[in-house]
Structure formats: C-alpha cells, structure tokens
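Notes follow once the structure below has been shown.
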Amino acid sequence: MRILMVIESLRDGGKQRRLVELLRVMSTRKQHRIMVLFLKDSVHYKEIYEMEGIEFLFLKRRFRADPGIFWSFLRKAREFKPDLIHSWGGLPSLISLPYILLFRKPFVNGMIANSRLRFLSPAWFRVKCTFPFSDAIIANSEIGLKVYKVPENKGRLIRNGINFDRKGIDVSKESLKKRYELNGAEKVVGMVATIDWRKNFPMFIKSALCLLKKRNDVVFFIVGDGPDRPKIMSMIPQEQKSHFVFTGKIRNVEDVVSFFDVGVLASFGEGTSNSLLEYMLFDKPVVATDVLGINEVVENGVTGYLVRQDDFEDMAQKINDILNNEDLASKMGAAGHELVGSRYSIEKMVAGYEKIYDDFAGN
C-alpha cells in the first residue's frame with residue numbers, strides 16, 4: 001500500500017510525536033511504502049532520517065499564504081500515486097483536498113487534536129471544507145469527536161501512544177540540580193506545555209506563588225516556550241524568581257520530567273495530552289484542571305487531582321498535599337503508570353491507524 005502523509009512540520013508537539021512513533025513502528029514492518037510531505041522545513045525529531053523505507057519531502061512556500069502550495073502538492077502526489085492520503089492537521093487537510101477531489105483517493109483526516117473549536121476560526125472553515133470529503137476523521141479523545149461534530153459513520157477514536165523506551169534514561173538528580181542551579185530545592189513541580197492562549201499558565205503561576213507562601217523548598221519548572229512567555233514571566237515577583245525555571249524548548253523532555261515530584265497541567269481544554277502521559281509514564285502524580293479532555297485521562301483521587309478552572313488556591317493545596325504525603329504520591333504515580341500501560345500503548349495506537357488504512361485502501 002502507498003500511503004501519503006501530510007503535516008505542516010515536525011516541530012516538537014504531541015501530534016508530531018504521534019506521527020514519529022507511528023513511522024518508527026511502520027518502518028520496521030516494511031509492509032507499506034510511505035511518503036511524508038512537510039509544508040515547513042522544520043524538523044525537531046531528527047531520528048526520522050534513520051528510518052528505512054520512508055521518503056520525506058519538503059514543499060516550499062514563497063510566503064505563508066502561497067497558493068502555489070496546492071499545485072506543488074498536486075504534482076508530488078501524482079508522482080507518488082498514493083492509495084490513501086492521511087493528513088495531520090487542518091492546513092494539510094485543506095491542501096490535500098484538490099487531489100482528493102480529482103483522483104478520488106481514500107482520505108483520512110487527522111486534524112482533531114484538541115477539544116476547542118472557535119466559531120468562524122480558520123480551523124472551523126477547514127472543518128466545513130474537508131469533513132464532507134473525508135472517509136475517516138480521527139480524534140485522540142472522545143470530546144474531540146463531539147466538539148468537532150464528527151459524523152458517527154466517519155469518526156474514529158485513536159488515543160495517543162506513549163513509548164515506554166523513553167523511560168530508559170539515566171540522569172542523576174544532582175546533575176539536574178547543577179544544570180539548572182537548583183540550590184536548596186528539595187521538591188520539583190513542573191508543567192510541560194506550549195506557553196500560549198490554550199494553556200492556563202497564569203493559574204499555574206498563581207498557584208505556585210500561593211504555595212511558596214507556605215513552604216520555601218519547591219522549584220517550579222516551565223518546560224516549553226511560546227508567545228506568552230514574557231507575560232507569564234512578568235507575573236513572578238523578583239524575590240521569587242529563583243524558584244522558577246523556564247527551560248524553553250528542550251530536546252529530551254523526559255530528562256526533566258523524570259525528576260518532577262508533581263506534574264501539573266493547567267489548561268482550558270485538551271484532546272489527549274502527551275504531557276499527562278509523560279508524567280504518568282514516569283510514575284508522577286498529577287494535578288490538573290478539570291476540563292474537557294483532561295478528565296478523560298486523569299482519574300480524580302486515583303492518578304492525581306482535578307481542580308476547578310482558575311481555582312489556583314485549590315491547585316496549590318492539592319500540590320502541597322501530595323508533596324507532604326510520600327505514600328499518596330507513590331500510589332497515584334503507580335496508578336498512572338498502570339493506566340498508561342493498559343490504555344495508551346504504542347501498539348494500540350499503531351494498530352488503530354493500520355486498521356483504518358486497511359479498511360479504506362487494503363484492497
């Protein structure tokens with residue numbers, strides 16, 4: 001089977017990580033011929049270049065809204081002659097559409113990765129343009145299928161898969177303290193996320209400052225970067241700045257996550273968050289906002305705690321409760337690890353995608 005996958009870039013992110021893990025497994029099986037078209041020349045996951053039997057091609061744009069990208073895609077797709085097209089995102093879905101309409105190839109639309117769809121937003125228009133011509137529409141959460149109003153006969157739920165090999169690292173806590181100059185810090189609380197409007201970083205910072213009024217032995221890690229970083233950093237008083245570490249984008253997130261005492265996710269809505277799965281992979285208890293998508297993953301009181309949106313005082317209290325109770329932290333971490341292993345394995349994720357490919361282009 002010839003499969004053409006289309007994605008904007010391979011910058012760090014949950015969608016990109018899913019694609020890389022899917023390609024990693026499929027490249028070892030060598031059952032299909034796969035080409036991946038990128039709309040941007042930006043690759044964070046360099047390991048793709050070591051995968052056998054997979055072709056990679058960058059489609060150049062002269063400027064952001066260059067209409068010539070449609071012709072470039074059409075030309076490359078005709079050369080490859082795919083049996084099926086799988087898009088990873090709204091813009092890739094839109095750019096794939098002319099070829100789909102002209103050559104009537106099976107179309108797997110993978111643009112849903114969250115639980116929010118703004119009316120008249122670019123994503124909303126892409127939904128209206130591409131859903132009617134999609135054979136299968138994939139979401140990584142149940143709420144994603146509902147929010148995007150996916151027709152029942154087209155919707156497919158494929159949850160994220162987490163690679164357990166990522167846990168096989170060996171970095172000492174002392175080396176972490178030295179790298180980030182964590183003098184005197186006994187506890188590490190962290191949040192891994194892009195710093196933008198989709199995440200409630202103000203809630204996280206407020207809860208951190210609230211907790212620092214009770215104890216002085218905690219350092220808070222913000223792992224990631226984004227347009228709202230200056231605003232978030234400005235919320236921290238000068239006398240408390242030594243308790244916060246902004247790592248920016250880092251290659252091996254697990255190096256830092258492995259030393260969290262508590263993993264936090266303050267968000268306005270998610271699909272299935274890779275950050276939550278990474279916390280649980282490393283046996284970390286979770287404190288997160290009780291919002292759509294997150295409450296599909298976190299079981300309140302079992303794998304962590306869910307708190308109301310913007311209730312930063314409750315978030316601070318829940319973090320403190322875990323830091324003060326090693327037995328509770330250990331039980332929640334173990335429960336989270338077990339959940340990831342049973343529900344979010346790479347094998348289940350890959351099997352889900354391969355079944356869709358076989359359903360629509362297997363013959």
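The values are calculated or read from the model by the stated rules, or taken from the named source; none is laboratory data. Keep in mind that what you see is a predicted model, and the values were worked out from it rather than measured. Glycine also receives a Cβ, built like all others from the backbone with ideal geometry; neighbour counts cover every protein chain displayed. All accessible areas refer to the heavy atoms of the entire protein, side chains included, with ligands and DNA or RNA removed. Shrake-Rupley method; radii C 1.70, N 1.55, O 1.52, S 1.80 Å.
For the reader, a short list of remarks on this structure follows.
- Amide proton proximity set for PHE58, modelled H, under 5 Å, gap of 5+: PHE38
- With every protein chain in place and a 1.4 angstrom probe, the accessible-area ranking of PHE221, PHE63, largest first, reads PHE63, PHE221.
- Cβ-placed point charges (K, R +1; D, E -1), dipole of the chain about Cα centre in debye, nearest 20: 1600
- Among residues other than PHE80 with Cβ under 13 Å from its Cβ, the summed charge is +4 (Lys and Arg +1, Asp and Glu -1).
- Our helix-only sum for the chain, with -39,500 (n - 2.57) per DSSP H run of n ≥ 4 divided by its residues, gives a mean residue ellipticity at 222 nm of -12000 deg cm²/dmol.
- Region 188-222-region 302-363 distance, computed between alpha-carbon centres (Å): 20
- For peptides 188-197, 267-276, sequence by mean Cβ density within 10 Å, most packed first: 267-276, 188-197
- The structure shown yields P(r) over Cα pairs in 10 Å bins from 0, in percent, and of the options (i) 5, 21, 25, 17, 12, 10, 7, 3, 1, 0; (ii) 5, 24, 32, 23, 13, 4, 0; (iii) 5, 22, 28, 21, 13, 7, 3, 0 that calculated value carries the label (ii).
- Anisotropy class of region 1-83 from Cα gyration tensor, a/c 1.5 cut: oblate
- Cα centroid of region 25-46 to Cα centroid of region 102-163, whole Å: 21
- Using a Gaussian network model of the chain in which every pair of alpha carbons under 10 angstrom is joined by a spring, one finds that among PHE80, PHE107, PHE282 the greatest mean-square fluctuation is at PHE80.
- Relative packing of 322-335, 292-305, which averages over residues the other C-beta atoms within 10 Å, highest first: 292-305, 322-335
- Using θ = phi - 60° and Karplus 6.51 cos²θ - 1.76 cosθ + 1.60, couplings along region 140-147 (whole Hz; Gly, Pro as x): 9, 8, 5, 5, x, 4, 6, 5
- Put simply, the amide H of LEU265, placed in the peptide plane, has neighbours under 5 Å in VAL287, ALA288, THR289, leaving out anything fewer than 5 places away on its chain.
- Among 233-239, 257-263, sorting by the average number of other beta carbon atoms lying within 10 angstrom of each residue, highest first, gives 257-263, 233-239.
- Derived scalar couplings between HN and Hα for region 18-32 equal 4, 4, 4, 5, 5, 5, 4, 6, 5, 5, 6, 7, 6, 8, 10 Hz in order, rounded to whole Hz, by the Karplus curve 6.51 cos²θ - 1.76 cosθ + 1.60 (θ = phi - 60°), x for Gly and Pro.
- Antiparallel bridge percentage (DSSP; both residues within the chain; nearest 5): 5
- For region 208-337: rounded, prolate or oblate by the Cα gyration tensor [a/c cutoff 1.5]: rounded
- The phi torsions of region 228-243, fed into the Karplus equation with coefficients 6.51, -1.76 and 1.60 and a -60° offset, translate into couplings of 8, 4, x, 5, 5, 5, 5, 6, 8, x, 4, 6, 10, 4, 5, 8 Hz, rounded to whole numbers, with Gly and Pro shown as x.
- Across the chain, Cα pairs under 8 Å and at least six residues apart give a relative contact order of 15 percent.
- Here the accessible area of region 1-58 is 42 percent carbon and sulfur, with a 1.4 angstrom probe and all protein chains present.
- Choice from GLY161, GLY110, GLY68 with maximal GNM fluctuation in the chain (Cα, 10 Å cutoff): GLY68
- Rounded, prolate or oblate (a/c below 1.5 giving rounded, otherwise prolate when a/b exceeds b/c) for region 42-98 by Cα gyration tensor: oblate
- Lys/Arg +1, Asp/Glu -1 at C-beta; region 228-314 dipole; positive extreme among SER273, THR289, VAL256: VAL256
- Accessible area in square angstrom per residue, the chain, 1.4 angstrom probe: 46
- The loop-placed GluC sites (Glu not before Pro) in region 31-140, going by DSSP, that have at most 16 neighbouring Cβ atoms within 10 Å of their Cβ come out as GLU52.
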